[in-house]
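Notes for the one structure printed next.
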Amino acid sequence: MVSAILGGQYGTILAIGLALGTDAFSLGIGLGVQGLRWRDILRLSALIGLFHLALPLCSILIGDVLHTLYGGLFQKLAAIILMFLGSKMTIEAIMRQSKVGPPPFRADIFALVTFAATVSLDSLSAGFSLGTLDVNPLVASITFGILGGMMSWLGLYLGRKVNHVLGAYAEIAGGVVLIVLGMKFFW
């Protein structure tokens, strides 16, 4: 829908970036309710933004090469990966919502980097899909990085203020967007 409003590839990039950002947002809310220090919130948001920038940049370039080699077959596979990613995000959000609460989080540098990398793995898969669409890798990666960093910061901030249930609903919405976009790329 965002793609139709903005038109062209940037609308698609923005829609995927927002969908991936909802994962960082919702996990940020879950983590934020544990009362992270402001310094750790800023560090974690910056790391998530960096991973959301670097991972898709690499995977878009790889996806472009694979699309050149295998054509439409790789585009169909990339669309299936995007639909799977959206389904996984939605199912995990529903399962996480039914649990009592998030596990305690240690905010040392190893834990921050590990969490940021794990949250950003979805953007790696999305990058492979975008590599089949002839998008500008820098524009997509910078968009993902900015959105991932901002949405994780917002989630961590709001997590300190509101109940963690809101995060699951945002992640479900993001998963549905990825499924719809995957279906669009497939057909």
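Here are some notes:
- As a proxy for reagent exposure, Trp187, Trp38, Trp153 were ordered by neighbouring Cβ count within 10 angstrom, fewest first; the result is Trp187, Trp38, Trp153.
- Listed by chain and number, the aspartates and glutamates placed with their C-alpha closer than 19 angstrom to that of Lys88 are Asp23, Asp122, Glu171; residues fewer than eight positions away on the same chain are left out.
No lab work stands behind these numbers, since they all come straight from the coordinates. Just so it is clear, the structure is predicted and the values come from calculations on it, not from any experiment. In this analysis, Cβ positions are derived from the backbone assuming ideal geometry, glycine residues included, and neighbour counts consider all displayed protein chains.
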